[in-house]
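Bear in mind these aren't lab numbers, they're just calculated from the coordinates by the rules spelled out. Quick caveat: nothing in here was measured; it's all calculated off a predicted structure. Positions of Cβ are generated from backbone atoms using ideal geometry, with glycine treated the same way; all protein chains shown enter the neighbour counts.
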Amino acid sequence: MPRRRSIRTAVIHLIYSSAATSPFTSEALRTLLVRARDHNTTADVSGMLLHVDGAFLQVLEGMPQVVHALFTRISADPRHARVLLLLSQEIQARNFPDWSMGFFDASGRGAMLPGYRRNTGFADLVGDTAQITRVVADFRSGRWRSLAV
């Protein structure tokens, strides 16, 4: 009897940073988050979004073609500037399997956050895979929320 091959579906995470072209109000951030969560639930995308003083850091996880198409759409969104792809790689398991989009707004507290620089946002993370991984792990573990005092 032939052996059945296990078909493993590759999942990637794509991490990018960007800067808002104009300030986001609390209401605009809420609207963005609701839309992202609705879309991501339908598309089977998970991840997280950090907002700090107009800078964004986002992790998108899912099937490669879906994640890359979403990143292309986000990159073309006129509300974003300086979109930088920080990391894109296959992962064994999702970091945020139960989150259609985790969110934290750390505006006003940027100096306390690893990897964040006031003038460059998260651009300093480019090429620093270890630091990028640490920032994502800190978010997943709840460290970011502990800074929300």
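Ordered by the number of other Cβ atoms lying within 10 Å of each residue's own Cβ, fewest first, S46, S100 fall into the sequence S100, S46. With θ taken as phi - 60° and the Karplus curve 6.51 cos²θ - 1.76 cosθ + 1.60 applied, the whole-hertz 3J(HN,Hα) list for the stretch 39-51 is 4, 5, 4, 5, 8, 6, 10, 10, x, 8, 9, 10, 10 Hz, x standing for glycine and proline. Sequentially through the stretch 63-73, phi angles give Karplus couplings (6.51, -1.76, 1.60; θ = phi - 60°) of 5, x, 5, 6, 5, 5, 5, 5, 5, 4, 5 Hz, Gly and Pro residues having no value and appearing as x. Couplings for the stretch 19-28, taken from phi via the Karplus curve 6.51 cos²θ - 1.76 cosθ + 1.60 with θ = phi - 60°, read 10, 5, 6, 8, x, 9, 6, 4, 5, 5 Hz in order; Gly and Pro are left as x. When each of E61, E90 is scored by the number of other beta-carbon atoms lying within 10 Å, the sequence from fewest to most is E90, E61. Need one number: the % of Cα-Cα pairs in the stretch 11-146 sitting beyond the 20 Å mark. More than 20 Å apart: 40 percent of the Cα pairs in the stretch 11-146.
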